[in-house]
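The values are calculated or read from the model by the stated rules, or taken from the named source; none is laboratory data. Note that the structure is predicted; figures quoted are calculated from it, not measured. Using ideal geometry, Cβ is built from the backbone for each residue, glycine included, and neighbour counts are taken over all protein chains shown.
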Amino acid sequence: MSKENDLFNFKNTPNIRNVEKVTSNAIDINNPKISIITAYYNASKYINETAASIFKQTFPYFEWIIVNDGSTEKNTDIILNDLKKLDNRIRIINIDNHGQAYARYLAAKESKSDIVLFLDADDMIDNTLLECGYFTLLTNKAATWAYCNIAAFGRKEYLWNPVFDSEVEKNTNLVSINSFIRKEKFLEIEEYSKLPKEVHEDYFLWLSFIKKGYYPVRMNYYGFWYRIHDDNRLSSINVSEEKSKTAESYIEKARNEINEEVTAIQYPRENNNSMEYPYTFGFDKTLGKDSKHILFLVPWLVFGGADNFNLNLAKGLKKRGYKITIILTEPSEYVLRSAFEEYADEIFDLTTFLNEEDWAAFIHYIIYSRKIDLCFQSNSMYGYHIIPWLKHKFPKIPFVDFLHAEQWEWRNGGYPRDSIAISNFLDTTYVCSKNLENILYNDMNKIIKNTRVIYIGIDSEYFNPNIVEDNLSEKYKERKVILFPCRLAYIKRPILMLNILNKLKDIYEDILVIVVGDGPAYNDMIEYVNKHRLDKYIEFVGYHKDIRPYYKIADVTLICSLSEGISLTTYESLSMGVPVVSSDVGGQKEVINDGVGAIVKNYQSRKFDEYNFNYSEEEINEYVKVINEILQSKNNVKEKCRERIISKFSSIDMTNKLIDDFDELIKKGSSIDSKYLNNIEFAERFLVNFTEKEQIQRNKKKLYEIIDQKNVDIELRNKNITDLESKISMLNQEIDKKSLELVSIKGSRSYKISKKISDILHK
């Protein structure tokens with residue numbers, strides 16, 4: 001099972017509510033943008049779940065054509081007519097049983113849109129799939145069809161993310177029929193409607209498209225949910241040997257007629273065309289508005305302090321009646337996506353279905369169509385560079401950002417620097433600590449206006465030692481446990497932690513560091529552990545979604561990072577009653593006082609050198625000293641730690657303060673001085689320059705990766721040549737040895753006698 005499988009929540013199917021009436025006559029059913037086509041045959045058990053996933057689509061401009069393909073269930077008419085009553089976008093076509101290919105082709109001819117999506121009656125689709133599919137084909141006009149990754153569920157669970165390759169496709173089908181297809185191109189394949197039921201009609205279609213030189217676009221996210229069960233339609237077909245041969249002949253004929261390779265568009269794309277200027281789609285459809293709606297512009301949904309804060313914020317907003325749209329601007333794993341899906345109404349990862357030059361148009365469309373009330377920006381570089389342009393388009397909407405850390409080590413100031421660069425277009429900048437606020441004013445020369453400190457905080461009810469099952473105490477009862485929970489990045493200084501451990505082991509034979517997390521520094525850590533024989537004093541347990549059981553048995557949590565805002569680990573640890581020893585970075589000392597831990601002076605320069613492992617003995621000794629003091633302390637530290645969080649750093653209090661601010665901003669509207677909105681050319685160029693620069697950087701990185709791989713290949717080839725030469729040399733030596741032995745044998749008396757006997761026999 002892949003890591004991706006482990007991160008994906010298969011229980012979170014699109015069917016999250018019952019079938020109910022969801023549309024009104026206000027939607028123009030005569031001009032749909034997409035025609036969903038379902039061939040229905042004895043699917044009463046599942047059709048309502050399929051319908052639920054369709055009705056909850058974020059893009060309502062569709063029709064749903066259900067072809068009753070001679071279903072033999074007695075209640076078929078009742079089921080389909082009841083569905084039709086629920087939604088005026090549904091059309092029913094009744095025919096005798098001809099098979100799925102015929103039913104789909106007939107429905108496509110009857111459809112009112114230019115794009116068709118085939119969806120079986122037992123499958124489901126993610127709530128954003130129609131919207132993503134529509135804009136994927138809209139922005140890739142030469143592509144014939146678009147497909148997405150598949151989440152299989154039911155009797156079996158797995159993820160399928162096939163990368164299209166026409167040469168591979170000739171031998172095995174990679175693409176599901178549940179794809180967005182341009183109707184005009186589909187109807188060209190007239191033979192499709194005449195296929196025998198036994199033929200794999202989807203495979204035949206893709207081969208027919210490839211033959212014509214047509215190519216697809218792959219949307220790189222899991223938008224289609226394929227149900228696995230024993231009683232699906234195809235499995236019930238009893239195919240004779242003769243029919244099977246006939247079916248294969250159709251496929252073989254289609255294969256043999258393909259003369260050229262077809263290349264697909266794959267996301268995320270590395271080599272986009274340069275962006276000339278930001279544009280808008282001109283798609284003027286708007287959705288109904290029944291509550292306040294906020295847009296999150298964030299890079300990804302992964303495991304980190306900023307992401308957890310955003311999750312708590314989303315949870316609080318949902319509780320207060322907000323609708324939430326999340327737009328992601330960096331490729332992301334599914335680490336926290338399922339958690340966000342519980343509170344967000346929709347999530348769009350732009351890297352999975354759009355060219356970067358089209359992102360601005362899509363974000364503009366989202367703000368317009370949803371009638372967004374406020375835009376919240378957090379840690380997205382693209383977000384910072386599009387905000388001036390968006391502000392020109394939507395001057396009355398408040399735009400705010402949240403800064404989580406000082407970032408001198410990255411881009412000479414990172415997100416704080418970006419925030420200051422566009423501060424004239426932001427209604428409020430929120431910061432995670434007073435320390436960061438001071439840095440903005442004193443070190444980065446920010447004009448003192450519209451800045452507010454909001455501590456990130458923690459869910460103290462969740463991080464509560466009294467509710468966590470104690471399943472590790474027995475294992476670690478004889479050890480003094482130091483917890484090191486973080487991503488194993490060099491900025492966290494894991495090698496410094498090992499230096500500290502190397503001295504602590506001389507004081508405590510029973511000391512143990514438990515490392516929770518993984519990352520790029522892992523191999524260097526293992527090398528250090530082996531060199532200094534620390535294996536009995538350290539345990540690597542990898543990434544854990546729920547770290548609370550480890551806090552439960554920890555005596556101290558150690559943070560020795562070069563950069564933090566206020567570490568999420570600090571909040572979690574204190575809430576679980578565990579004191580924290582931390583480097584003096586960011587706003588750590590705003591949370592950690594003498595009663596709940598210790599702050600250690602940072603001996604390395606602020607102009608960070610995270611790969612310099614020559615740490616000061618003074619710094620190492622200081623960590624050892626304060627950890628020792630905490631381990632020796634008899635005071636009731638645990639209660640003090642938890643009281644510190646509950647009294648001043650509860651996430652509920654923090655998010656409520658932030659949401660109260662949002663409410664006030666939405667009520668008042670944006671207060672940005674109109675003089676900053678006179679130069680649209682600057683805003684356009686600001687975004688274009690960034691986009692082009694990012695494309696150059698990615699292409700440069702890709703080139704370096706290719707060069708590195710070529711160098712690796714050359715080294716491997718040279719090694720193979722060296723090995724081969726060595727083998728040849730050994731063989732030559734062996735041959736020489738055997739030759740000498742042969743000469744010796746030929747000179748012997750027994751050999752001469754044997755030779756004479758052999759000659760006589762041959763005569």
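The residue list ASN171, ASN220, ASN161 contains one member that is in the same structural domain as ASP123 (by TED's automatic domain parsing), surrounded by fewer than 20 Cβ atoms within 10 Å (Cβ to Cβ) and in contact with a Ser or Thr (Cβ under 6 Å, 6 or more places away or on another chain), which is ASN220.
A quick yes/no check of all residues on (1) outside the structural domain of ASN438 (by TED's automatic domain parsing); (2) β-branched (Val, Ile, Thr); (3) touching a helix residue (DSSP H, G or I) at 6+ places or on another chain (Cβ under 9 Å); (4) surrounded by fewer than 24 Cβ atoms within 10 Å (Cβ to Cβ):
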site: VAL556; (1), (2), (3), (4): yes, yes, yes, yes
site: CYS560; (1), (2), (3), (4): yes, no, yes, no
site: GLU564; (1), (2), (3), (4): yes, no, yes, no
site: SER567; (1), (2), (3), (4): yes, no, yes, no
site: THR570; (1), (2), (3), (4): yes, yes, yes, no
site: LEU574; (1), (2), (3), (4): yes, no, yes, no
site: VAL580; (1), (2), (3), (4): yes, yes, yes, no
site: ASP584; (1), (2), (3), (4): yes, no, no, yes
site: ILE592; (1), (2), (3), (4): yes, yes, yes, no
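Scan (1) assigned by TED's automatic domain parsing to the domain that holds SER583; (2) aliphatic (A, V, I, L, M); (3) closer than 30 Å to SER647 by Cβ for the single condition LEU504 breaks and write down its number. LEU504 satisfies every listed condition except (3). Can you give me the number of residues within segment 90-111 that are under 15 Å from LYS183 (Cα atoms) and touching a strand residue (DSSP E or B) at 6+ places or on another chain (Cβ under 6 Å)? Looking only at that region, the number is 5.
Among what's in segment 275-325 and is β-branched (Val, Ile, Thr) and touching an Asp or Glu at 6+ places or on another chain (Cβ under 7 Å), pick the residue that is surrounded by the fewest Cβ atoms within 10 Å (Cβ to Cβ). Among those that are β-branched (Val, Ile, Thr) and touching an Asp or Glu at 6+ places or on another chain (Cβ under 7 Å), it is VAL302.
Counting residues in segment 480-489 that are without any contact (Cβ under 8 Å) to a residue 24 or more places away in the chain, out of contact with any helix residue (DSSP H, G or I) (no Cβ under 6 Å at 6 or more places or on another chain) and farther than 24 Å from ALA306 by Cβ gives zero. Residues in segment 502-543 that are over 18 Å from LYS480 (Cα atoms) and surrounded by 13 or more Cβ atoms within 10 Å (Cβ to Cβ): GLY517, ASP518, GLY519, ALA521, TYR522, ASP524, MET525, ILE526, TYR528, VAL529, HIS532, TYR543. Inside segment 184-199, residues that are more than 25 Å from ALA142 (Cβ to Cβ), of a type outside the set (Val, Ile, Thr) and buried (at least 18 other Cβ atoms within 10 Å of the Cβ) make up a count of 3.
Tallying residues that are part of a loop (DSSP other than H, G, I, E, B), in contact with a strand residue (DSSP E or B) (Cβ under 8 Å, 6 or more places away or on another chain) and not small (Gly, Ala, Ser) within segment 566-581 yields 2.
Here is a yes/no grid of residues against (1) surrounded by fewer than 19 Cβ atoms within 10 Å (Cβ to Cβ); (2) under 23 Å from TYR215 (Cβ atoms):
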residue: LEU86; (1), (2): yes, no
residue: ARG89; (1), (2): no, no
residue: GLY99; (1), (2): no, no
residue: CYS148; (1), (2): no, yes
residue: ASP165; (1), (2): yes, yes
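Does ILE78 count as surrounded by fewer than 19 Cβ atoms within 10 Å (Cβ to Cβ) and within 14 Å of ILE47 (Cα to Cα)? Against the criterion (surrounded by fewer than 19 Cβ atoms within 10 Å (Cβ to Cβ) and within 14 Å of ILE47 (Cα to Cα)), ILE78 qualifies.
Looking across segment 466-490, just one residue is closer than 21 Å to GLU617 by Cα and either surrounded by fewer than 19 Cβ atoms within 10 Å (Cβ to Cβ) or not hydrophobic (A, V, I, L, M, F, W, C) (or both), and that is TYR490. Does SER670 qualify as being surrounded by fewer than 13 Cβ atoms within 10 Å (Cβ to Cβ) and at negative phi? Answer is no for this residue. Please pick out the residue among PRO395, PRO331 that is in contact with a helix residue (DSSP H, G or I) (Cβ under 8 Å, 6 or more places away or on another chain), farther than 21 Å from LEU658 by Cα, at pLDDT 95 or above and surrounded by fewer than 21 Cβ atoms within 10 Å (Cβ to Cβ). On inspection, the qualifying residue turns out to be PRO395.
Per this entry, SER179 is counted among residues that are of a type outside the set (Lys, Arg), at pLDDT 95 or above and in contact with a strand residue (DSSP E or B) (Cβ under 7 Å, 6 or more places away or on another chain).
Evaluation of ASN614 against the conditions (1) in contact with a Pro (Cβ under 7 Å, 6 or more places away or on another chain); (2) in a loop (DSSP other than H, G, I, E, B); (3) not small (Gly, Ala, Ser) shows that the sole unmet condition is (1).
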